[in-house]
Amino acid sequence: MIDRYTNKALEGLFSDESRFQAYWEIELAVLEAYVSLGIVPAKDYELIKSKAKVDVKRIKEIEEITRHDVVAFTRQVGEGLGEEKRWIHYGLTSTDVVDTAMSLLYKKANAVIIEHIDSLLKAVKAKAIEYKNTPCIGRTHGMHGEIISFGFKWANYYAELLRGKERFEKEADLLCSCKLSGAMGNFANIDPKVQEMVAVKLGLRNASDTTQVLPRDLHEGYASALAILASTEEKIAVEIRNLSRSEIGEVAEGFGKGQKGSSAMPQKRNPIASENITGCARMIRGYLTSIMEDNALYHERDISHSSVERVALIDMITLFDYATARMAGVIDKLEVYPERMLANINLSRGAIFAQRVLNALVEKGAVREEAYDTIQPYAIQASLGGTPFKDAIKDLPLIKNSFSEKELDELFEVNYYLRRNDALYNRIPGLE
């Protein structure tokens, strides 16, 4: 992933240096297990541990000849050793080392990702609480519907993000697996106890089913969890973008001192971060397509998955972390304009109260279809700039025969639509 979209916390995590060091950590953990099982002499292990070093430059030189990065790695770390080097990579196949080492790196990345998801949750929760009783217009099909609270939007986002985090944590635990089962995954050349011991040592899941590789449904599940979370972030970003439009103007992204919105138009203040996050979500979904095709390998393994994971999965992880951290910052600094929300509520000249009037008429004994057809033309006319809805209907026989003046006024109260906010919030863990 390019530097622009890489947070410092993940910078270098998937570099060649980091990857080969993780390979070596796996090799040493396997040797330690062999010592415990009495297979490798302790003195040989100590010599290997103390003398062998990872040299990425030298690995690349050897790889020019071997055309195999793991073979180049094992030969490089064995350089300068004596007979004890025979134990390096003993009983293992390349993917034992690669898959398990990548699990270590994914685990480190996941810790950073969870931290940023938590920051996003915190920012969203703060908005849900702060604006719990701030009325705004709810929209369906882009059209004014009925009043909701602005906090209600954020409460729903919070609930969805909680689900996303739970899904991600489950899939992350499955992905971070220890696989040391040999060339066909049948433990023919390595004791299953080695995998168990290394898994415990490194804090990884002890893989239950393998061939030469970990099953790639683990990667599919993990990538899907990232893509679903990214879609939630995109949902929030798109809402911010829409509410920022000049015609709506209910929110605005924070605008730093000296920041410019356009090279040509000084008045511009664009929701660029939310647009950027939308683009990130698109890329993440694009990466997912390739990853979802990685499970169907030839027989016990081929390497058609390798390039996808080296590029798509790593970029996906890095990009998702960047987008999540940026989304948290956007929400934290979001400017909210309740007075504009109230103005927008009044744009329809009372037409948004039509269902409230309809239901009240039914409660008074009116036939629903008749009541609907009676008030509909006046609601539409009001929403198009005609006579305010209440004024247009107040002298209709159906209305005059059903409501007192006070009762009619009560049907147009904003707070009616927020009366069950406590019940809504109490359904969401963390917002009770």
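Listed values for segment 294-300 are Karplus-derived 3J(HN,Hα) couplings in whole Hz (6.51 cos²θ - 1.76 cosθ + 1.60, θ = phi - 60°), namely 8, 7, 8, 9, 5, 6, 7, and x replaces Gly and Pro. Remark: spin-label model distance residue 39-residue 61 equals 3.2 nm, labels positioned 7 Å along the Cα→Cβ axis.
Here the accessible area is traced with a 1.4 Å probe on the protein chains. For the chain, carbon and sulfur cover 50 percent of it. A Cα-only calculation for segment 65-167 places Rg and Dmax at 26.2, 79 Å. The H on the amide N of residue 178, modeled in the peptide plane, is under 5 Å from the matching H of 205, 206, 207, each at least 5 residues off or on a different chain. Per residue, the solvent-accessible area of the chain (1.4 Å probe, heavy atoms of protein chains only, all protein chains present) comes to 50 Å².
Projecting the Cα atoms of 105, 228, 428 onto the charge dipole of the chain (Cβ charges, centred on the Cα centre) puts 428 farthest toward the positive pole. Remark on residue 139: its backbone amide H falls under 5 Å from those of 145, a criterion applied only to residues 5 or more positions apart or on other chains, H modelled at 1.01 Å from N. Looking at segment 5-108, the trypsin sites (Lys or Arg not before Pro) that sit in a DSSP loop and have at most 10 other Cβ atoms within 10 Å of their own Cβ are 67.
For segment 6-92, the convex hull spanned by the alpha carbon atoms encloses 111 Å³ per residue. If you add up the charges near residue 280, with Lys and Arg at +1 and Asp and Glu at -1, over every other residue whose beta carbon is less than 9 angstrom from its beta carbon, what do you get? Once all neighbours under 9 Å are counted, the net charge is 0.
Compared with the dominant principal axis of the Cα atoms in the chain, helix 42-51 is inclined by about 70°. Summing Lys and Arg as +1 and Asp and Glu as -1 over all other residues whose Cβ lies under 13 Å from the Cβ of residue 292 gives a net charge of -3.
Please give the calculated 222 nm ellipticity per residue for the chain, where each DSSP H segment of at least 4 residues contributes -39500 (n - 2.57) and the sum is spread over every residue; nearest 500 deg cm²/dmol?
On the way: 17 runs with 247 residues, N = 432.
One gets -18500 deg cm²/dmol as the mean residue ellipticity at 222 nm.
Quick one: how many lysine pairs in segment 247-382 have C-alpha atoms under 21 angstrom apart, if they're 8 or more apart or on different chains? For segment 247-382, the number of qualifying lysine pairs is 5.
Put simply, when 136-149, 174-187 are sorted by average Cβ atoms within 10 angstrom per residue, most first, you get 174-187, 136-149. This structure gives Rg and Dmax of the Cα atoms in Å, computed directly, and of (1) 21.2, 64; (2) 21.3, 69; (3) 30.3, 104 that value is listed as (3).
What is the gain in length, in nm to one decimal, between residue 242 and residue 406 on full extension, counting 0.36 nm per residue of separation less the C-alpha to C-alpha distance?
55.4 nm
Applying 1/(1 + (r/R0)^6) with r as the Cβ-Cβ distance of residue 342 and residue 4 and R0 = 30 angstrom yields a FRET efficiency of 0.15. Database remark: amide H of residue 88 closer than 5 angstrom to no amide H (H placed geometrically; neighbours at sequence offset of 5 or more, or on other chains; Pro and chain starts carry no H).
For segment 136-149, 3J(HN,Hα) computed residue by residue from phi via the Karplus equation (6.51, -1.76, 1.60; θ = phi - 60°) reads 8, 7, x, 10, 10, 6, x, 10, 4, x, 9, 7, 10, 9 Hz, glycine and proline entered as x. May I ask for the net charge around residue 211, where only other residues with Cβ less than 15 Å from the Cβ of residue 211 are counted and Lys, Arg are +1 while Asp, Glu are -1? Within the 15 Å Cβ shell, the charges total -4.
The values are calculated or read from the model by the stated rules, or taken from the named source; none is laboratory data. Computed from a prediction, not measured in an experiment: that's the story for all the values here. In this analysis, Cβ positions are derived from the backbone assuming ideal geometry, glycine residues included, and neighbour counts consider all displayed protein chains. When the accessible area is computed, the model is the full protein with side chains, heavy atoms only, and any ligands, DNA or RNA have been set aside. Shrake-Rupley method; radii C 1.70, N 1.55, O 1.52, S 1.80 Å.
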